[in-house]
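What follows is calculated from the coordinates using simple rules that are stated; it is not laboratory data. All values reported here derive from a predicted model rather than from experimental measurement. Glycine gets a Cβ as well: all are built from the backbone with ideal geometry, and neighbour counts include every protein chain shown.
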Amino acid sequence: MARKGAAVEPEGSSASACMRERGGKIVGESQNIVGETAARIFADFADPQTINRAADGAWKEPLWQALAHAGLTLAWVPETLGGSGASLSDGFEVLTVAGRFAAPVPLAETLLAGWLLSTSGMPSPDGPMTIAPARPGDRITLRPDGTLSGHARGVPFASEARHLALLATGPAGPSVALVERGACRVERGENLASEASDIVTLDRAEPVRVAPVPSGFDQTALMLMGAAIRSVETAGALETILALSVRYADERIAFERPIGKFQAVQHNLARLAGEVAAAMTAAGSAADAIAGADDFDDAIFLEAASAKIRAAEAAQEGAAIAHQVHGAIGFTQEHVLHRFTLRMLAWRDDFGNESHWAAELGSRVAARGADEFWPLLASR
Amino acid sequence: MSAELRFDQIRLPPECDKLRGEVRAFLAQEIAAGTFDPDRPGHGDSHDAAFSRRVGAKGWIGMTWPKKYGGQERSFLERYVVTEEFRVANAPVRLHFVADRQSGPILLKYAPEHVKMDILPRICRGELCFVIGMSEPGSGSDLFAAKAKATRTERGWRLKGTKIWTSNAHIADYMLGLFRTSAPTKENRRHGLTQFLIDMKTPGITVNPIYQMTGQHDFNEVVFDDAVIPEDHVLGEVDGAWKQATSELAYERSGPERFLETFYVLIELIRALGPNPDLRSAEGLGRLVAQAHALRRMSVSVAGMLQAGKEPVVEGSLVKDLGTIWEQKLPGRVRELAAFLAPETGNRATLEEQLAFATKVAAKLTIQGGTTEILRGIIARGLGLR
């Protein structure tokens with residue numbers, strides 16, 4: 001097969017080798033058994049190069065089974081509620097690893113759904129789940145007769161989920177509801193990365209279970225948690241993008257030198273490293289803050305909103321630089337780069353885009369006043 | 001290939017909260033007494049001998065150094081708190097800051113014991129101002145092209161040549177200067193440079209002012225015309241300064257001063273926008289807040305990793321690269337967001353005055369202490385590209 005891709009990408013599949021190398025590093029450095037397990041499963045069942053070449057989605061079921069078997073899909077659900085009871089930190093570590101592999105399965109969504117259900121003391125069912133609403137402006141209502149109505153756009157993987165965990169507003173405040181997918185109308189849509197991003201409509205849908213949320217929990221809290229999750233995944237994807245780009249710059253010869261020897265390319269990669277660094281720090285900080293907090297206060301708002309804003313900015317800058325470094329080959333279907341860049345760009349829109357969070361954060365900072373701004377920043 | 005970046009999640013320990021309270025109280029007292037005006041940009045860049053002595057008396061200069069040299073043996077994270085609070089308040093730290101940040105630590109590592117015993121306690125008391133003598137008219141970023149010469153004589157080292165862009169030279173007591181003691185070798189062009197401690201009162205040293213485009217005077221040209229300094233004022237290895245110059249850079253590059261230099265315009269913008277900004281202003285402000293938060297978390301992370309004995313050279317360079325570009329762009333972003341302020345906005349004049357100053361200062365931020373281009377070269381090396 002004398003296609004140009006083969007010529008441009010020497011040493012066979014550099015992307016896979018790169019991913020394995022990263023997987024190995026994760027195992028070596030993290031000292032985190034849960035993250036280690038996730039890295040091993042993704043490397044075995046969701047190698048990006050293999051998935052990218054797969055003719056169908058036959059790889060999905062074994063991957064999901066392996067993740068579920070290892071207890072990762074319900075990591076944030078206590079054992080008493082049917083989960084594996086991992087810490088919030090461990091769950092965020094799993095999602096960082098998932099971001100590094102950009103595997104298109106509803107792992108983050110199932111984790112978040114399980115977490116949402118367990119905040120209200122509800123057990124989690126088996127199988128893939130997702131959550132709604134997934135956008136700040138959408139609302140689901142719990143009606144006085146106990147049924148659910150409403151409309152939620154951009155719900156990730158709704159069409160591939162068995163259940164949905166919903167945050168609904170009822171006469172007595174917000175509640176969490178578990179519904180079967182069959183109880184909703186799901187219109188299949190796609191995000192930039194061609195993953196399911198669906199419109200979910202509930203018209204007097206019967207829930208499996210409903211329970212009130214703990215006091216202080218609301219849709220903003222759910223969006224902040226979702227924002228932190230997407231930030232962490234984005235940071236993971238950016239790490240891989242940097243590794244792919246550096247490796248490619250080292251392998252690709254032009255003008256009789258590896259392109260990574262050219263100062264212009266080096267400086268682009270240094271800028272990419274800066275974006276990766278900012279995203280991983282901001283996302284890691286938000287995850288760390290949420291893991292150590294009791295409720296979603298102003299400090300958590302600053303952390304999670306900032307992470308989503310900065311990660312989205314980094315995704316946009318980082319994707320552009322990575323594609324520039326890769327040239328034409330990175331624009332092809334057969335190269336894995338798009339699996340990471342398009343997913344990151346799509347994640348900008350989930351659980352509040354960066355403009356939404358920036359406007360909210362700016363309003364809060366303004367309301368606190370000029371003299372309270374530095375103390376807030378310095379408190380983190 | 002090594003593209004592995006690491007930013008540990010460091011939270012400042014509880015002892016920092018107490019210290020921060022003390023620092024804020026001290027600064028409030030100084031502001032109330034009229035020592036400096038936190039709203040007047042440029043003050044943080046200025047010097048005030050009496051103020052520096054009061055800071056020294058608090059134990060906030062050289063605070064990480066051993067007690068026997070006048071230090072407090074406190075952590076780098078505690079020093080971080082002091083540095084950022086002084087910077088945000090626009091306090092006049094110029095006299096002691098260079099000595100605190102980099103000259104002192106170099107002396108601590110490389111000076112003979114009796115020199116350390118003599119000089120370090122005076123730095124800690126806020127009595128000494130240091131200047132860095134590295135750039136020359138023909139060598140700036142290309143440090144190893146330095147030509148100013150030091151020759152060993154019976155009376156000591158004789159210095160000849162010119163250093164330039166030396167901030168503070170006109171008020172400094174001492175310079176840490178880089179001088180050529182041998183020719184570079186074919187194998188190592190960095191060989192042959194030596195670092196010296198130089199008393200600025202030494203006969204044969206002339207300081208000529210260079211005024212900047214901001215109207216301020218920090219820069220100088222320092223001419224050495226056979227100035228002779230003592231034999232024991234060599235710092236570290238003769239001909240081997242290149243090994244010493246790079247190890248301290250993570251400290252110099254990752255501190256809060258690397259993204260807070262124009263921060264006052266952001267605070268003033270918030271004051272100008274008031275409690276209910278329109279959507280455009282709120283969004284623009286929110287992005288700046290998020291970026292500032294991310295930078296600070298990166299900077300704190302590097303401080304924590306340094307405290308833990310790690311060597312985050314690439315991470316430190318990333319903080320300075322991102323941080324200085326951010327603080328350089330900040331006046332422009334604030335100007336855009338302030339474009340539609342009501343004419344009667346109370347602090348409009350203050351904001352405009354600050355913007356004018358910050359806009360002029362901005363140009364230097366990505367040049368001083370390692371240019372953007374040099375930093376990106378270091379980062380690229382860290383990524384395994386060179």
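Observations
- Treating each Cα of the protein assembly as shown as one equal point scatterer and applying the Debye formula with no solvent, the log10 of I(q)/I(0) at q = 0.07, 0.10, 0.11 Å⁻¹ comes out as -0.56, -1.05, -1.20.
- Neighbour counts of C-beta atoms inside 10 Å place B:Lys186, B:Lys320 in the sequence B:Lys186, B:Lys320, starting with the fewest.
- Residues with amide H under 5 Å from that of A:Ile140, placed H, sequence gap 5 or more: A:Thr169
- For B:Ser167, distant residues with modelled amide H under 5 Å away: B:Ile132, B:Asn220
- For B:78-90, mean number of other protein chain Cβ atoms within 10 Å: 1
- The range B:190-210 and the range B:268-296: distance between their alpha carbon centers, rounded to Å: 45 Å
- Between helix A:354-368 and chain A: long-axis angle, C-alpha atoms, 0 to 90°, nearest 10: 60 degrees
- Pairs from B:Lys163/B:Lys201; B:Lys67/B:Lys201; A:Lys261/B:Lys310; B:Lys109/B:Lys201; B:Lys163/B:Lys243 whose Cα-Cα separation, in the structure shown, is over 26 Å: B:Lys67/B:Lys201; A:Lys261/B:Lys310
- 5 angstrom amide H check on B:Trp157, placed H, neighbours 5+ away: B:Ile229, B:Glu231
- Peptide-level mean, for A:283-293, of C-beta atoms on other protein chains within 10 Å: 3
- Once the Cβ-Cβ distance of B:Ala57 and B:Lys310 is raised to the sixth power relative to R0 = 25 Å, the FRET efficiency obtained is 0.15.
- Helix A:33-45 and the longest principal axis of the C-alpha atoms of chain A enclose an angle of approximately 60°.
- Sites B:Arg152 and B:Gln29 - FRET efficiency at Förster radius 56 Å, r taken between beta-carbons, to 0.05: 0.65
- Rounded to the nearest whole Hz, the Karplus-based 3J(HN,Hα) values (6.51 cos²θ - 1.76 cosθ + 1.60, θ = phi - 60°) of the range A:189-205 follow the sequence x, 10, 8, 4, 8, 6, 8, 4, 9, 10, 9, 10, 10, 10, 10, 6, 6, with x at glycine and proline.
- DSSP bridge pairs, chain A: antiparallel proportion in percent, nearest 5: 85 percent
- In this simple spin-label approximation, A:Thr141 and A:Gln316 carry label points 7 Å from Cα along the Cα→Cβ vector, and these lie 3.5 nm apart.
- Each peptide among B:46-52, A:327-333 gets the average number of other Cβ atoms lying within 10 Å of its residues, and from highest to lowest they stand as B:46-52, A:327-333.
- Gaussian network model of chain B, Cα within-10 Å springs - most flexible of B:Thr371, B:Thr64, B:Thr185: B:Thr185
- Taking a sphere under 10 Å around the Cβ of B:Met175 and counting the other residues whose Cβ falls inside, with K and R at +1 and D and E at -1, yields a net charge of -1.
- Chain B: angle of helix B:348-365 to the longest principal axis, Cα-based, in degrees nearest 10: 30 degrees
- Total formal charge among the other residues, if their Cβ is under 13 angstrom from that of B:Tyr211, Lys/Arg +1 and Asp/Glu -1: -1
- Computed from the C-beta positions of A:Glu251 and B:Ser141 and an R0 of 25 Å, the FRET efficiency is 0.25 to the nearest 0.05.
- In chain A, helical runs assigned H by DSSP with n ≥ 4 each contribute -39500 (n - 2.57); averaged across all residues and rounded to the nearest 500, the mean residue ellipticity at 222 nm is -17500 deg cm²/dmol.
- Inter-site label distance for A:Ile33 and B:Asn208 at 7 Å from Cα along Cβ, in nm: 7.1 nm
- Average beta carbon contacts from partner chains per residue of A:83-95, 10 Å cutoff: 0
- From the alpha carbon centroid of the range A:66-85 to that of the range B:1-71 is 47 Å.
- Taking chain A as a Gaussian network of alpha-carbon nodes connected by springs under 10 Å, the highest mean-square fluctuation of the residues A:Ala54, A:Ala196, A:Ala103 belongs to A:Ala54.
- Highest average first, the peptides B:6-12, B:203-209, A:310-316, B:24-30 ordered by how many other beta carbon atoms sit within 10 Å of their residues are A:310-316, B:6-12, B:24-30, B:203-209.
- Anisotropy class of the range B:97-246 from Cα gyration tensor, a/c 1.5 cut: rounded
- Exposure proxy shown here: for B:Tyr211, B:Tyr251, the number of other Cβ atoms within 10 Å sets the order, fewest to most, as B:Tyr211, B:Tyr251.
- When shorter helices are ignored and each DSSP H run of at least 4 residues is given -39500 (n - 2.57), the per-residue value for chain B at 222 nm works out to -14000 deg cm²/dmol.
- With neighbour counts taken as other beta-carbon atoms within 10 Å, the residues A:Phe157, B:Phe144 rank, fewest first, as B:Phe144, A:Phe157.
- Under the Karplus curve 6.51 cos²θ - 1.76 cosθ + 1.60, θ = phi - 60°, whole-Hz ³J(HN,Hα) for the range B:79-87, x wherever Gly or Pro sits: 4, 4, 4, 4, 4, 6, 5, 5, 5
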